[in-house]
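Report on one structure; see the data block that follows.
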Amino acid sequence: MIHSLPRRLAAGAVLLALLTFVVYVGVDLLPGDPVTSRLGPSTPPERIAELRHHLGLDRPVLARYGEWVAGLFLGDLGISASGRPVTEMLSDRVGNSALLAAMAVLLLAPLSLVLGLWAAWRRGRPADRVVSTGALLLVSVPEFVVAGALVLLFAVSLRIFPAVSLLPVGASPLAYPEVLVLPVLSLLLVGLAYAVRVIRASACAVLASPHVEFLRLGGASGRTVLRRAVVPAVLPVAAQVWLVTGVAFVGGAVLVEKVFGYPGIGELLVASVQSGDLPVVQALVLILGAAMLAALVLADLAVVLLTPRLRTGTQ
């Protein structure tokens, strides 16, 4: 399987190229005119035509797509309807959203592994039923509902954390860690529920395998069974879940950031859609799609690196 990685990378590159076309043309076909949204419906037609020409919106979509793709290689994501470079608008917000996702994944990895293994080891017992039922309930609840419940509990009732995550202009969220707690927790709870269910199912399958039965018949302790059989078999699946969930955290942050007013790409995406700022929408959707493709490729690579049989090419 390791020899197929170049083909997977090539397929990912093709999908990324296709993604750029679908994103640009699809967003361009959305209803609404960014120029009219910016200037207002009462603006004289001459002024609207002048600005459309300045932004290049009066040219064929394929010509504009070609220039946009060429600019991507130079780090140029275009000019927003407000006249600011899109790259400048995203510079801080991408980092803020990545910080939320990274913190959630750092907490997700150990918690999901421990809870998933514990529930599988205690399968059928009260501890397993509690973990499995809680995970099932949480995985069916959208992030914004979880965020709203956390606000009611920790901000309104207990008044421990702020209800909104507003920051001074240009300030780093790390300088105000209290504003990160509820957004990170909102993402973590839903992602943790999904990861625990997957890891538990994988661990249960391993525990029911002949290999584990052989170890137990040989007098191996529970700790030995976990260390030698269960954890090595579960880690590739867990790594896939963590990587894909990390990107899903960035997508889920669209609603969470809106709930908390957190200055990330999710809050900017909602505002850009509402104002019809198509260049910003195109850039954000492309970033999210490219991140998901990269996570899928890295997940395949993680499976190969964590599975000796696949790494050596043996069966």
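The values are calculated or read from the model by the stated rules, or taken from the named source; none is laboratory data. As the structure is a computational prediction, the values presented were derived from the model and not from experiment. Cβ atoms come from the backbone with ideal geometry, glycine included; neighbour counts cover every protein chain shown. With ligands, DNA and RNA removed, areas are computed over all heavy atoms of the protein, side chains included. Shrake-Rupley method; radii C 1.70, N 1.55, O 1.52, S 1.80 Å.
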Surface share of carbon and sulfur [accessible, 1.4 angstrom probe, percent] for segment 75-115: 73 percent
Solvent exposure, largest accessible area first (probe 1.4 Å, DNA, RNA and ligands not counted), of Phe154, Phe21: Phe21, Phe154
Virtual spin-label span in nm between Glu46 and Arg7, 7 Å along Cα→Cβ: 6.3 nm
Solvent-accessible area per residue for segment 163-315 (1.4 angstrom probe, square angstrom): 44 Å²
With DNA, RNA and ligands ignored, accessible area of Leu235 (1.4 Å probe; Å², nearest 10): 50 Å²
Choice from Gln282, Gln240, Gln274 with maximal GNM fluctuation in the chain (Cα, 10 Å cutoff): Gln274
Solvent accessible area, Å² - Phe144, 1.4 Å probe, full protein context: 100 Å²
Kirkwood Rh and Cα Rg combined as Rg over Rh, evaluated for the chain: 1.06
Solvent-accessible area of Leu115 with every protein chain in place, 1.4 Å probe, in Å² to the nearest 10: 50 Å²
Residue among Pro236, Pro279, Pro177 with the largest mean-square fluctuation in a Gaussian network model of the chain, springs linking Cα atoms under 10 Å: Pro177
Cβ charges +1 (Lys, Arg) and -1 (Asp, Glu), total dipole of the chain, debye: 1660 debye
Charge context of Asn96, other residues only, Cβ under 14 angstrom, K/R +1, D/E -1: -1
Accessible heavy-atom area order of Trp121, Trp68, highest first, probe of 1.4 Å: Trp121, Trp68
Segment Arg159-Leu30, extension gain: residue separation times 0.36 nm, minus the distance between their alpha carbons: 42.3 nm
Potential extension, Ala175-Leu137 segment - 0.36 nm per residue separation minus Cα distance: 10.3 nm
Fully extended contour minus Cα-Cα distance, from Val231 to Glu67, at 0.36 nm per residue: 54.1 nm
Alpha-carbon centroid distance for the pair segment 81-129 / segment 279-301, whole angstrom: 16 Å
Acute angle (nearest 10 degrees) that the helix 61-73 long axis makes with the longest principal axis of the chain, alpha-carbon atoms: 60 degrees
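For a Förster distance of 22 Å, can you work out the FRET efficiency between the beta-carbons of His53 and Leu74, rounded to the nearest 0.05?
0.45
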Charge dipole (segment 32-143, unit charges on Cβ, about Cα centre) - positive-most of Ala109, Ala98, Gly66: Ala109
